[in-house]
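K.L.:
Quick one: structure below, then a few questions.
The values are calculated or read from the model by the stated rules, or taken from the named source; none is laboratory data. Every value quoted in this text rests on a predicted model; they were computed, and no experiment measured them. Here Cβ is always computed from backbone atoms with ideal geometry, including for glycine, and neighbour counts include all displayed protein chains.
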Amino acid sequence: MSNNWNSLDNAAIMFPAAAGGADTQVFRISCELHDKIDPDILQNALDETITIFRFYQSVLKRGLFWYYLEESKLTPVVHIENTQPCGNIYSPHHKKLLFDVSYFNNRVNLAKMAQEETGMGVWEHKVIKNVLGTQLVYESIKNEKTVGVISYNSQTGIAEIAQPLGPILAVIPVTNPTSTAMFKILICLKSRNPIIISSHRGASKSCAETVRICYEAALSAGAPEDCIQMITSGSRDFTQMMMAHPKIALILATGGTGLVKAAYSSGNPAIGVGPGNVPVFIDESADIPFAVGNIISSKTFDNGTICASEQAIVMVDAIEKEVRREFERQNCYFLTNEEIKKVEKIAIVPETGSMSAQVVGQSVLTIAKLADINIPEGTKILIAKLDGIGKEFPLSGEVLAPILAFYSAKDYHAAINCCIDLNYLGGIGHSACIYSNNEKRIMEYAELLNAGRVLVNTPSSQGAVGALFNQLPPSLTLGCGTGGKNITTENITAKNLLNIQRVCRRKPNEMFFGFDQSKYYDESLTADEITKEYYKNH
């Protein structure tokens, strides 16, 4: 710069006044490299560039009547991006350059893309989901046999051979787009099945980028062409047409109830999921601060977008006050009756009783603004104390947002019945959670609840998906069994995507052929007499 300072034009003068938390007035320019970023090379490039464009090596200063730029000796430093994109740069209290150079890898990039495109969740938490759907899934399946002879029993003479199913149509939800896509790609390729991704139209860009990255990585590792494909239209009609295509071997359907039902009605085999109206029972023997802390960490994870997140807290009257105090101590807000009505209006669609898209994956602050209620700063979860379950109590159903129902029952049996009613309201076969140090009650709870996963002293969201708080297979497709109109209660993984051939060697049944088979025709012999003769000398 030729002078020590340069005045700004009127438009630039408005920048400091207009910048704020909602609109930082910061513009973002990004590019994507196919090669891994070397921060040292990037820093060298920045050092050379700043010597050419010296004007950028300046800070914003405030004069008596105007703002101006002043030369600075500050050196721009390349760093890995670990904050929200387009965050504040200018600060009146700190001298900072008015630009920033950062880099990130796909794990973070895809998480940010998903959050920005869908407007749901927390990008930092989506990074963890991406790790679960890739690294942890890889670790769980890398040594699994999925090709050729996978087992042989010399005693029975039976050999099992794994065969791929064929083209798999993978439907991806808007709540967990990039992580679910990567997870399904990995388990399909591990089982040698080509995969066709059909994303929710609200997450098509982040899914397309995910597919591109995975496809290029697969090709570079020697995978066949077209092993990963994507439906780019995002049209529900086209997806349903693909579901019914005769060459589709299986549909992996993760999404809303209507979509899963369409998959099962397509005429092709399907593995689907179901809603997860997860009840949480806090027993009198539980460590209450521990239980509450786990529930909060789970329900706030990605703003509650995992279908296994907690939906209702149930306890007996004897510990209600203690549990409520602990939730309040850990910055949760109990809604008044009037506020409950306001939240119901924006969280639930009256005609269907299902959750409203406008609250899914949103922060507590956003939900409070939508409902026009005032909440304390730092509130983590909105809690509604309800007196019943069903359509008359809209918040007793599944809401994928930081909102919890709260129930207190007169005794243990009434509390368990409350959990069962919540389970049957809209989460049959999915998941349930209990905090207890009473083994008898833990097992009784598990036997009475129709849930594919019963999480014990574990955050439900992170517990149900596996590999983090337990040894369940890591998965982002959680079967709900026949209760949820699914085929299995398992955490779906590569082994569920195989046809198993059984090669059976001749091994005659000596007991059957050694028995006088003419006695089967003698109706004077009772079943007990035939059984006794059958096992004679064995």
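K.L.:
Does residue 126 fit the bill of being among the basic types (Lys, Arg) and at pLDDT 80 or above?
P.N.:
yes
K.L.:
While we're on this one: Quick check on this structure: which one of 499, 537 is touching a strand residue (DSSP E or B) at 6+ places or on another chain (Cβ under 9 Å) and either outside any helix (DSSP H, G or I) or closer than 30 Å to residue 142 by Cα (or both)?
P.N.:
499 is the lone residue from the list that is touching a strand residue (DSSP E or B) at 6+ places or on another chain (Cβ under 9 Å) and either outside any helix (DSSP H, G or I) or closer than 30 Å to residue 142 by Cα (or both).
K.L.:
Let me ask something additional. Could you tell me which residue of the stretch 443-475 is farthest from residue 135 (Cα to Cα), considering only residues that are touching a residue at least 60 places away in the same chain (Cβ under 8 Å) and assigned to a helix (DSSP H, G or I)?
P.N.:
445
K.L.:
Does residue 434 satisfy the condition of being assigned by TED's automatic domain parsing to the domain that holds residue 318, touching a strand residue (DSSP E or B) at 6+ places or on another chain (Cβ under 8 Å) and of a type in the set (Val, Ile, Thr)?
P.N.:
yes
K.L.:
Going by what's in this entry, would residue 407 be described as closer than 26 Å to residue 480 by Cβ, in contact with a Lys or Arg (Cβ under 9 Å, 6 or more places away or on another chain), aromatic (Phe, Trp, Tyr) and surrounded by 14 or more Cβ atoms within 10 Å (Cβ to Cβ)?
P.N.:
yes
K.L.:
Of everything in the stretch 299-315, what is surrounded by fewer than 24 Cβ atoms within 10 Å (Cβ to Cβ) and acidic (Asp, Glu)? Give them in sequence order.
P.N.:
Within the stretch 299-315, none qualify.
K.L.:
Read through the list (1) more than 30 Å from residue 392 (Cβ to Cβ); (2) surrounded by 22 or more Cβ atoms within 10 Å (Cβ to Cβ); (3) not polar (S, T, N, Q), then give the number of the only condition that residue 520 fails.
P.N.:
Single failed check for residue 520: (2).
K.L.:
A further question follows. Just checking, which of 488, 493 is under 19 Å from residue 145 (Cα atoms), among the polar types (S, T, N, Q), touching a residue at least 60 places away in the same chain (Cβ under 8 Å) and not assigned by TED's automatic domain parsing to the domain that holds residue 195?
P.N.:
493
K.L.:
In the stretch 106-152, what residues are under 23 Å from residue 469 (Cβ atoms), surrounded by 15 or more Cβ atoms within 10 Å (Cβ to Cβ) and basic (Lys, Arg)?
P.N.:
Passing the criteria: 107, 126, 129.
K.L.:
While we're on this one: Does residue 205 satisfy being of a type in the set (D, E, K, R), within 22 Å of residue 120 (Cβ to Cβ) and outside the structural domain of residue 405 (by TED's automatic domain parsing)?
P.N.:
yes
K.L.:
To continue, here is another question. Looking at the stretch 90-99, is at least one residue at pLDDT 75 or above and in contact with a Lys or Arg (Cβ under 7 Å, 6 or more places away or on another chain)?
P.N.:
The answer is no; no qualifying residue exists.
K.L.:
Looking at the stretch 369-423, which of its residues are under 22 Å from the mean Cα position of the chain (by Cα) and without any contact (Cβ under 8 Å) to a residue 60 or more places away in the chain?
P.N.:
382, 395
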